[in-house]
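Novice: Take a look at the following structure, please.
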Amino acid sequence: MFASVTCLDGAFGLLEKGCRPVPGGLAGLIKTAAIEWPQVLCRAIDVSPDWRDSDRLAAQILAALGAGDPDGRIEIGLCPDLPQNTAYRLELEPAPCPEGSAPLNPRDVVVITGGARGVTARVAMALAEAFRPALILLGRSPLPVPEPEWLAHVHEPSEMKQAILHNELSGQASPKELESAYRRHLANREIRKTLDAIRSTGARVEYHAADVRQATALSRILETVRTVHGPITAVIHGAGVLEDRLILDKTPEQFAAVFDTKVAGFESLLAATRKDPLRHIVCFSSITARIGNRGQADYAMANEVLNKMAHRESFLRKECRVVSINWGPWDGGMVGDLLRREFKRSGVCLIPIETGAQSLLRELQAGPGAPIEVVIGAGFSHPESLKQAQSPETLSLSIKREIDIARYPILEAHILNGKPVVPFALITEWLGHGALHENPGLQLSGLDDIRLLKGIRLDDGKKTIRLMTGKTRKNGPDFEMDIEIRDGFKDGKEIIHTRARAVLSNELAAAPEFDFSRYLDKSHSYSRPMEEVYDKILFHGNALKGLRRILSLSPRAIVAELASAPPPDQWTTEPLRSRWIGDPLVLDAAFQMAIVWCFEQKGMLSLPTFGASYRQYCSRFPEQGVTAVLEIRQAGQNKMLGDFTFLDARHGVIARLTGYEAVMDTALTKAFKNGPEPRAPVILRRISDPSSF
């Protein structure tokens with residue numbers, strides 16, 4: 001059981017009594033906990049301050065804690081004037097968008113937090129097009145500056161990065177440094193574009209770099225605004241940051257960054273405009289506050305507090321329209337490509353950015369006294385359907401491991417930018433083990449949708465990972481299971497390292513036919529010795545030198561002979577199994593083939609990011625090694641797409657990896673060659689008699 005008891009007004013602040021808002025955030029924590037901990041009974045109980053009979057109140061709380069709810073509702077409000085054994089429950093009520101007169105005019109001064117990019121930028125543009133008020137945009141990005149001439153006419157991301165690398169970073173930068181510089185220039189460009197677009201409508205606009213949590217600095221900025229444009233008549237608080245991480249893993253610093261940007265930022269904004277004749281106050285809250293969301297306890301709590309603050313402010317400002325909009329996810333802003341794909345997989349509809357902006361304009365047409373807490377989303381009609389859509393299958397802990405060089409000496413052969421990094425090939429072996437661990441008796445047929453979201457890098461010498469598995473489900477003759485590797489990320493930017501869908505079966509499928517002769521192109525034989533390949537191109541140490549010989553390399557394919565992996569106990573002191581499920585050295589050497597092809601054909605190095613489908617047709621890889629064919633499907637400026645086929649000595653197919661994607665980047669050269677000085681190899685021996693030491 002996990003419960004909170006607050007004392008707002010017995011109805012979570014909805015009885016318009018101007019209650020204290022901050023304790024209301026606990027309901028957001030409880031609703032998120034219910035998603036992250038499905039085995040725990042979670043209840044958020046709010047009691048009225050009017051209770052005088054403490055014995056009766058205690059009995060009511062006890063009953064609420066033990067009450068089952070077939071609808072799965074978590075929030076329970078207790079008031080003394082309600083009949084015995086009855087309570088308030090919160091329900092969403094469908095309602096049409098408001099209609100009314102124009103809420104703003106060119107004389108209005110509107111302050112918008114959240115910057116001049118993404119969602120808030122489009123909202124500002126919609127306001128400018130409709131009403132042409134003075135718009136004051138506040139964001140964390142620096143003030144925009146003119147672009148350098150060498151960048152002004154470059155637009156493709158890869159071309160921008162190349163221009164930045166050669167003109168600003170002198171051709172030498174780590175991938176992280178290059179990405180940081182690229183994002184800085186991109187933000188500058190987007191802000192300039194937003195301001196120019198708003199000015200083209202005839203509206204006045206200013207951008208100020210500001211941390212909305214800093215009340216004194218914010219007050220100074222707004223005082224300057226009043227001097228130039230007059231008193232502020234509307235505020236829209238859209239600022240927010242995400243630091244997604246499970247409740248058990250979240251740090252106080254991550255919580256503070258998320259919570260304070262929303263709550264302290266809104267407090268600063270209200271304090272700085274307390275004497276202004278505000279007619280509109282809009283909070284950008286989130287559906288996460290209403291139903292919770294996995295990994296977003298801090299975000300749910302912060303937005304739930306925003307909801308309560310809006311109720312309190314409506315009580316203090318009777319003539320002002322105050323609304324806290326609990327938005328569903330927008331197709332833009334903090335929803336990047338990765339999260340967009342995850343929402344699609346989970347059945348969550350995204351709000352088109354134009355539709356969202358127009359919804360805000362409609363909401364501004366409502367007058368004082370209209371509902372204060374509003375949910376706006378796409379593709380839903382009932383809160384339970386929202387909850388089901390936005391809450392993907394809960395995964396449970398299968399294995400927890402601490403990874404370091406002592407336990408995994410193989411990592412000394414896989415150093416990038418001076419730090420040990422777990423090979424993608426070894427990660428896939430762990431994914432397969434997680435699936436089989438939960439399903440004894442079945443065999444691993446393959447993995448689908450293998451996504452490397454964030455590499456497992458040992459920045460501090462070690463990393464703790466958790467192998468998470470979902471429920472096994474039937475899919476035709478096979479079985480499927482979602483599986484993820486979590487933890488070990490830095491600064492809370494991503495809670496998932498790798499995700500895949502395991503495919504299990506009672507027996508392995510028959511191997512497909514494959515014409516090996518079509519790919520062994522003798523006119524494109526490869527002459528570079530393997531010693532030179534590992535010295536000049538690849539970064540792998542001795543234990544991962546799995547490329548024995550490259551037979552041919554052409555614009556459409558590369559063919560090579562690969563070594564098989566030694567037993568698991570030669571790579572780690574804590575093997576999960578006595579023998580490999582697949583062959584991590586063969587798979588890693590295949591990725592090395594891709595690196596060599598990218599280097600020879602495109603002049604860039606590459607790293608794996610995705611595999612659409614891996615299928616294995618043998619229970620054990622040949623010990624004498626395999627032959628691999630990489631057929632190139634597509635190779636653009638920064639991405640290569642291809643299919644691997646693995647063959648035994650008779651050129652029979654033993655496994656295939658299709659839809660393999662690798663990112664290509666010139667900046668990887670420094671990362672590949674920035675390893676430690678050579679050192680003596682680590683040798684593992686089993687000692688049965690400790691006295692032999």
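The values are calculated or read from the model by the stated rules, or taken from the named source; none is laboratory data. All values derive from a computational prediction rather than experimental measurement. All Cβ positions, even for glycine, are placed from backbone atoms using ideal geometry, and neighbour counts span all protein chains on display. Surface areas here come from the heavy atoms of the whole protein model, side chains and all, with no ligands, DNA or RNA. Shrake-Rupley method; radii C 1.70, N 1.55, O 1.52, S 1.80 Å.
Novice: Provide the per-residue ³J(HN,Hα) series for the stretch 455-468, in order, calculated from phi with Karplus coefficients 6.51, -1.76, 1.60 and θ = phi - 60°, each as a whole number of Hz, with x at glycine and proline positions.
Specialist: So the Karplus estimates, Gly and Pro as x, are x, 8, 10, 8, 4, 10, x, 7, 8, 9, 10, 10, 8, 10 Hz.
Novice: How large is ³J(HN,Hα), in whole Hz, for each residue of the stretch 627-635 in order, when computed from phi with the Karplus curve 6.51 cos²θ - 1.76 cosθ + 1.60 and θ = phi - 60°, using x for Gly and Pro?
Specialist: Along the stretch 627-635, the couplings run 10, 10, 10, 10, 9, 7, 8, 7, 9 Hz.
Novice: Given a Förster radius of 41 Å and the C-beta distance between S505 and E177 as r, what FRET efficiency does 1/(1 + (r/R0)^6) yield to the nearest 0.05?
Specialist: 0.35
Novice: Within the stretch 605-623, which residues have the backbone N less than 15 Å from the label spot 7 Å out from Q570 along Cα→beta-carbon, could you tell me?
Specialist: The answer is 621-623.
Novice: With a 1.4 Å probe and all protein chains in place, put V47, V22 in order of accessible area, largest first.
Specialist: Ranking V47, V22 by accessible area, largest first, yields V22, V47.
Novice: For L15 and E93, FRET efficiency with R0 = 22 Å and r from the beta-carbon atoms, rounded to 0.05?
Specialist: Between E93 and L15 the formula returns 0.85.
Novice: Assuming R0 = 22 Å, can you tell me the calculated FRET efficiency for the pair R204 and A370, based on Cβ-Cβ distance, to the nearest 0.05?
Specialist: Step by step, r from the Cβ atoms, then E = 0.20.
Novice: Taking only Cα atoms of the stretch 445-549, what ratio of Rg to Rh do you get with Rh as the Kirkwood inverse-distance radius?
Specialist: 1.10
Novice: If all Cα-Cα distances of the chain are sorted into 20 Å bins from 0 onward, what percent lands in each bin, rounded to whole numbers?
Specialist: Once binned at 20 Å, the Cα pair distances of the chain give 16, 42, 32, 11, 0.
Novice: 5 Å is the cut-off here: which amide hydrogens, built 1.01 Å from N in the peptide plane, fall below it relative to R633, excluding neighbours closer than 5 in sequence?
Specialist: L641, G642, D643
Novice: What spacing in nm lies between the two simple spin-label points modelled at Q84 and D249, each 7 Å away from Cα in the Cβ direction?
Specialist: With each label placed 7 Å out from Cα toward Cβ, I get 4.9 nm.
Novice: What number, rounded to the nearest 500 deg cm²/dmol, is the helix-based mean residue ellipticity at 222 nm of the chain, given -39500 (n - 2.57) per DSSP H run of at least four residues and division by all its residues?
Specialist: -10000 deg cm²/dmol
Novice: Modelled label-to-label distance, L57 and E513, 7 Å Cα→beta-carbon offset: nm?
Specialist: 8.1 nm
Novice: Round to a whole number: what % of the accessible area of the chain belongs to carbon and sulfur, probe 1.4 Å?
Specialist: The computed percentage sits at 51.
Novice: I've got another one for you. If you count only protein heavy atoms with a 1.4 Å probe, what accessible area per residue comes out for the chain, rounded to a whole Å²?
Specialist: Solvent-accessible surface per residue comes out at 45 Å².
Novice: Given contacts defined as C-alpha pairs under 8 Å and at least six residues apart, what's the relative contact order of the chain, whole-number percent?
Specialist: 11 percent
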